[in-house]
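The values are calculated or read from the model by the stated rules, or taken from the named source; none is laboratory data. Quantities reported herein were computed from a predicted structural model and do not represent experimental measurements. Neighbour counts are summed over all protein chains in view; Cβ atoms, including those assigned to glycine, are modelled from backbone coordinates with ideal geometry. The area values use the complete protein model at the heavy-atom level, side chains included, leaving out ligands, DNA and RNA. Shrake-Rupley method; radii C 1.70, N 1.55, O 1.52, S 1.80 Å.
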Amino acid sequence: MIVYKTEEEIELIRASAKVLAQAHGEVAGMIKEGVTTRALDQRAEEFIRDHGGLPSFKGYNGFEYSLCISPNSVVVHGFPSDYQLKSGDVVSVDCGVLLNGYHADSAYTYPVGEVAPEVLKLLEETKKSLYLGIEQAVAGNRMGDLGYAIQNHVEKQGYGVVRELVGHGIGQKLHERPEVPNYGKRGAGLKLQAGLVLAIEPMVNLGTKNVVQEKDGWTIRTKDYKPSAHFEHTVVVRKDKAEILTSFEYIEKALQ
């Protein structure tokens, strides 16, 4: 069942999204060579709890961390660890916040130090594809319009769009219906209606679209070990223009 949100519920998600955006900013300010991914996770959890929220991911189906931290060829669901970031890495940080009974979810992929130009371009084009997808999150459009906008953009660059992992509805549950694929056909799929809140999250690989799951049962990496990028916003479908509830504002300030 798809749950459409009232304006009151959207305001509660917006409050979660504010804490989430600020937590991302805290993490962004720490990303540099020599920092462990575990330290990023600890800072995010501390900030979220200090601001009255709970980390959405911690305890979710047994996941033990507040962040999914996915370096280089890891697409999503990477575990924070003692791994130290090094120059040339790219690292996806995915975070969720539960506040006042409602979740918000977003992700950002960072370059660390001197990153190869073709990898920086992957990040830039993946981020661009997120906003192209969001532009289609308008009442009356179809889910396929959204997926097509993302797929068409990144495949023109020669990248692979992950098929096995998709975005999702979000609200009182972290993952709600419907699924939000990052590929599709224009005019196909669910008709979007105002009040639908979606986590839109392109996962795009420098090489093949194919991925594999590691033995830990969580970590997803590219089959060819080439880098992957992941960007995500929580968005409300509106009549004329999609509304983005999460923000990269605090990330961008921290990176200046």
Stretchable slack from R186 to Q42, in nm (0.36 nm times residue separation minus alpha-carbon distance):
47.7 nm
Starting from the Kirkwood radius over alpha-carbon pairs of region 216-256, derive D by Stokes-Einstein at 37 °C in a medium of 0.692 mPa s and give it in µm² s⁻¹.
239
Diffing region 76-82: the Karplus 3J(HN,Hα) column from phi (6.51, -1.76, 1.60, θ = phi - 60°), in whole Hz with x for Gly and Pro, holds 8, 6, x, 7, x, 7, 7
Of G169, Y108, A44, which is farthest along the charge dipole of the chain in the positive direction, counting Lys and Arg as +1 and Asp and Glu as -1 at C-beta?
G169
Please compute, for the alpha-carbon atoms of the chain, the extent along each of the three principal axes and give them in descending order in Å.
47, 43, 37
Inter-label distance, nm, simple model (7 Å from Cα along the C-beta direction), E249/K128
2.6
If you place +1 on the Cβ of every Lys and Arg and -1 on the Cβ of every Asp and Glu, how big does the dipole about the Cα centre of region 1-157 come out, in debye to the nearest 20?
100
Result for region 58-157: accessible area per residue, probe 1.4 angstrom, in square angstrom, of 37
So what is the relative contact order for region 133-225, in percent, with contacts set as C-alpha pairs under 8 Å and at least six apart?
33
Given a cut-off of under 8 Å on Cα pairs at least six residues apart, what relative contact order in percent is computed for the chain?
24
Which order do the peptides 160-171, 86-97 take when ranked by the mean count of other beta-carbon atoms within 10 Å per residue, highest first?
86-97, 160-171
List the residues whose amide H sits under 5 Å from the amide H of D224, counting only those 5 or more places along or on another chain, with H placed 1.01 Å from N in the peptide plane.
T208
Helix check for the chain. Which DSSP H runs span at least 15 Å along their own axis by Cα, with a mean Kyte-Doolittle hydropathy no less than -1.0?
7-28, 117-135, 143-156
Whole-Å distance linking the alpha carbon centroid of region 194-256 with that of region 102-135 is 7
Accessible area per residue, 1.4 Å probe, Å², for region 191-246: what's the number?
42
Probe radius 1.4 Å, ligands and nucleic acids ignored: give me the carbon and sulfur share of the accessible area of region 159-214 as a rounded percent.
45
So what J values fall out for region 197-207 if you push phi through Karplus, 6.51 cos²θ - 1.76 cosθ + 1.60 with θ = phi - 60°, rounded to Hz, Gly and Pro as x?
10, 10, 9, 9, 8, x, 10, 10, 9, 4, x
